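**Q** Pasting in a structure now, in structure tokens, and then I'll have a few things to ask.
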Amino acid sequence: MPPKPKVTREIVLDAALELLREEGMDAVNARNVAKKLGTSTQPIFSHFASMEELREAISAYAEHLYNTAMLEAMQGGGNGFLEMGLAYIRFARTEKKLFQLLFMSNRLQQEKVTEIAGSTEGDDQVIAMIGSMTGLSPDLARRLYAGIWYTTHGIASLVATNSSTMDDAEARDVLGSVFKGLRAIFKKEGEEL
């Protein structure tokens, strides 16, 4: 009789991630992951102390995928800020359940609009990029970023919940218009200071 293939940590994580993508985080439990693996629950708990630890590993992986997409957009040439917004919407379109986990759950809790901008890894670089693109002060660049983030997040949330089928061209037009409008408002505000 051939030896049973070893179920590695990565295999468990992949099975849990597949469940998340198909059915959402509520479906990620020991019984469903074991069924996906075709094993008992023993291999899961030999690699993860608890289901919470497995869920945290899934969340960390989802963040890694998201951060990779944003970094690629930022470095892709052209208007890096606009490309990041489009990449955010694309992530919502292609990874609906991961987007919902990261940005439409209680994981993202901010009290004020301005706290959104600057609360995530890499935000300071984005705000600096906006400042150099627009000539706005760091505070006004942060406020512009917050305004664009809410617009982008709104579109992405609609896409992630199948409430909209907005394509990249339409999203590009909307984000570009909002950016120009906010930039004009904040430039005027900066001149009045």
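**Q** What length, rounded to one decimal in nm, is gained on full extension from Met133 through to Glu53, with 0.36 nm per residue of separation minus their alpha-carbon distance?
**A** Stretched out fully, the Met133 to Glu53 stretch lengthens by 24.6 nm.
**Q** The stretch 154-193 to the stretch 44-85: how many Å between their Cα centroids?
**A** 24 Å
**Q** Based only on Cα atoms, what Rg/Rh ratio does the stretch 1-72 have, Rh being taken as Kirkwood's radius?
**A** 1.03
**Q** Quick check on the exposure proxy: order Ile155, Ile185, Ile58 from fewest to most C-beta atoms within 10 angstrom.
**A** Taking fewest neighbouring Cβ atoms as first place, the list is Ile185, Ile58, Ile155.
**Q** A further question on this structure: What FRET efficiency would be calculated for the residue pair Arg172, Ala27, taking the C-beta separation as r and a Förster radius of 25 Å, to the nearest 0.05?
**A** Efficiency for this residue pair is about 0.15.
**Q** Sticking with this structure for a sec: Mind checking the full-extension length gain between Phe45 and Ile11? Use 0.36 nm per residue of separation minus the Cα-Cα distance, one decimal, nm.
**A** 11.0 nm is the gain from fully extending Phe45 to Ile11.
Bear in mind that the values in this text are calculations on the coordinates, not laboratory data. Just so we're clear, the structure is a prediction, and the values are computed from it rather than from any experiment. In this analysis, Cβ positions are derived from the backbone assuming ideal geometry, glycine residues included, and neighbour counts consider all displayed protein chains.
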